[in-house]
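Only one structure is covered here, and it is reproduced in the block below.
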Amino acid sequence: PHSLQYYYVGVSEPSPGVPQFVAVGYVDGNLIVRYDSETGRAVPWVDWMAANLDQQYWDTQTQIAQNTQQGFRVDLETLRGRYNQSRGAHTWQWMYGCELLEDGSTRGYFQDAYDGRDFIALDMDTMTFTAADAGAQITKRKWEGENEAERWKHYLENTCIEWLRKYVSYGRAVLERK
């Protein structure tokens, strides 16, 4: 089995060594890509990613990460207001990914947390979001009205799996030693 996982963290009050936004990607538990708001660039973390992907790929990944960073900043403001919180340090986290199983089947997941607590998660079977509290219910209604579940399902079952297969082929020699 192989897996591709992404983790994003946004903080409302960055400090030295704690960037406003960090995004990392893993194949089979190996860090392959990292972006943070201090460097402002998506960079390969292993040689086999650097060797197989051109500058255009990294520029595109950088642009996606920068756009996501902006979205996270807005999300943190929205959530702070929604939970009636004054200033202070808050975190917004996403984790999502896909798995290619031995029998050829696939699995995907997408879930978010606010201040380290479950916030919302996609149920791939029912194509609905599970909200952890009343604040998350607002996001659930918004996302379901915008067909976010379908978008995530398509990404997790198709795009994510396609990239996972590519990344595994690039890193096969290293990944199979594990």
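Residues in the stretch 27-36: is at least one over 19 Å from TYR170 (Cα atoms), charged (D, E, K, R) and either touching a His at 6+ places or on another chain (Cβ under 6 Å) or without any contact (Cβ under 8 Å) to a residue 40 or more places away in the chain (or both)?
The answer is yes, given that some residue of the stretch 27-36 is over 19 Å from TYR170 (Cα atoms), charged (D, E, K, R) and either touching a His at 6+ places or on another chain (Cβ under 6 Å) or without any contact (Cβ under 8 Å) to a residue 40 or more places away in the chain (or both).
Only one of these is hydroxyl-bearing (Ser, Thr, Tyr), at pLDDT 95 or above and assigned to a helix (DSSP H, G or I): TYR167, TYR109. Name it. So that I can check it myself, show each step before the final result.
Numbers: TYR109 fails: assigned to a helix (DSSP H, G or I).
Step by step, each of TYR167, TYR109 is checked, and only TYR167 is hydroxyl-bearing (Ser, Thr, Tyr), at pLDDT 95 or above and assigned to a helix (DSSP H, G or I).
Can THR68 be described as of a type in the set (Ser, Thr, Tyr), touching a residue at least 60 places away in the same chain (Cβ under 8 Å) and out of contact with any helix residue (DSSP H, G or I) (no Cβ under 8 Å at 6 or more places or on another chain)? Show your work before the answer.
Values: of a type in the set (Ser, Thr, Tyr): yes; touching a residue at least 60 places away in the same chain (Cβ under 8 Å): yes; out of contact with any helix residue (DSSP H, G or I) (no Cβ under 8 Å at 6 or more places or on another chain): yes.
Yes, satisfied.
So GLN137 clears everything in (1) modelled with pLDDT of 95 or more; (2) surrounded by 14 or more Cβ atoms within 10 Å (Cβ to Cβ); (3) not β-branched (Val, Ile, Thr) except one condition, right? Which one?
Status for GLN137: all satisfied but (2).
Within the bounds of the stretch 67-90, is there any residue that is surrounded by 16 or more Cβ atoms within 10 Å (Cβ to Cβ), in contact with a Leu (Cβ under 8 Å, 6 or more places away or on another chain) and not in a helix (DSSP H, G or I)?
Yes: the stretch 67-90 contains one or more residues that are surrounded by 16 or more Cβ atoms within 10 Å (Cβ to Cβ), in contact with a Leu (Cβ under 8 Å, 6 or more places away or on another chain) and not in a helix (DSSP H, G or I).
Here is a check on your reading of the model: is THR62 over 23 Å from GLN137 (Cβ atoms), surrounded by fewer than 19 Cβ atoms within 10 Å (Cβ to Cβ) and touching a Gly at 6+ places or on another chain (Cβ under 8 Å)? Working first, answer last.
Numbers: over 23 Å from GLN137 (Cβ atoms): yes; surrounded by fewer than 19 Cβ atoms within 10 Å (Cβ to Cβ): yes; touching a Gly at 6+ places or on another chain (Cβ under 8 Å): yes.
Answer is yes for this residue.
I need a count of the residues in the stretch 91-125 that are without any contact (Cβ under 8 Å) to a residue 40 or more places away in the chain, surrounded by 12 or more Cβ atoms within 10 Å (Cβ to Cβ) and not aromatic (Phe, Trp, Tyr).
Counting residues in the stretch 91-125 that are without any contact (Cβ under 8 Å) to a residue 40 or more places away in the chain, surrounded by 12 or more Cβ atoms within 10 Å (Cβ to Cβ) and not aromatic (Phe, Trp, Tyr) gives 11.
Pick from the stretch 49-108 the residues that are under 28 Å from GLY29 (Cβ atoms) and acidic (Asp, Glu): which of them is farthest from the chain's Cα centre (by Cα)? Step through it out loud before you land on a result.
Filtering the stretch 49-108 down to residues under 28 Å from GLY29 (Cβ atoms) leaves 49-69, 71-72, 75, 91-108.
Narrowing further to those that are acidic (Asp, Glu): 54, 59, 75, 99, 102-103.
Details: ASP54: 22, ASP59: 18, ASP75: 14, GLU99: 14, GLU102: 24, ASP103: 26 Å.
Applying the filter and picking the extreme gives ASP103.
Within the stretch 7-39, take every residue that is surrounded by fewer than 18 Cβ atoms within 10 Å (Cβ to Cβ) and within 21 Å of LEU164 (Cα to Cα) and give me the one that is nearest to the chain's Cα centre (by Cα).
Of the residues in the stretch 7-39, the ones surrounded by fewer than 18 Cβ atoms within 10 Å (Cβ to Cβ) are 7, 13-18, 24, 26, 29-31, 34, 38-39.
Narrowing further to those that are within 21 Å of LEU164 (Cα to Cα): 7, 24, 26, 29-31, 34.
Details: TYR7: 5, VAL24: 8, TYR26: 10, GLY29: 14, ASN30: 15, LEU31: 13, ARG34: 11 Å.
That would be TYR7.
Residues to consider are TRP152, TRP163; find the one that is among the aromatic types (Phe, Trp, Tyr) and surrounded by fewer than 17 Cβ atoms within 10 Å (Cβ to Cβ). I'd like the intermediate steps shown before the answer.
Numbers: TRP152 fails: surrounded by fewer than 17 Cβ atoms within 10 Å (Cβ to Cβ).
On inspection, the qualifying residue turns out to be TRP163.
Which one is nearest to TYR109 (Cα to Cα), of the residues in the stretch 166-178 that are surrounded by fewer than 13 Cβ atoms within 10 Å (Cβ to Cβ) and not charged (D, E, K, R)?
SER169
Just the residues that are of a type in the set (S, T, N, Q) and over 17 Å from SER3 (Cα atoms), please, taken from the stretch 22-40.
Within the stretch 22-40, the subset of a type in the set (S, T, N, Q) is 30, 37, 39.
Selection gives SER37, THR39.
Determine if the stretch 40-56 includes at least one residue that is more than 19 Å from ARG165 (Cβ to Cβ), buried (at least 17 other Cβ atoms within 10 Å of the Cβ) and touching a residue at least 24 places away in the same chain (Cβ under 8 Å).
Scanning the stretch 40-56 turns up no residue that is more than 19 Å from ARG165 (Cβ to Cβ), buried (at least 17 other Cβ atoms within 10 Å of the Cβ) and touching a residue at least 24 places away in the same chain (Cβ under 8 Å).
The values are calculated or read from the model by the stated rules, or taken from the named source; none is laboratory data. These numbers were taken from a predicted model, which means no experiment stands behind them. All Cβ positions, glycine included, derive from the backbone under ideal geometry; neighbour counts span all protein chains shown.
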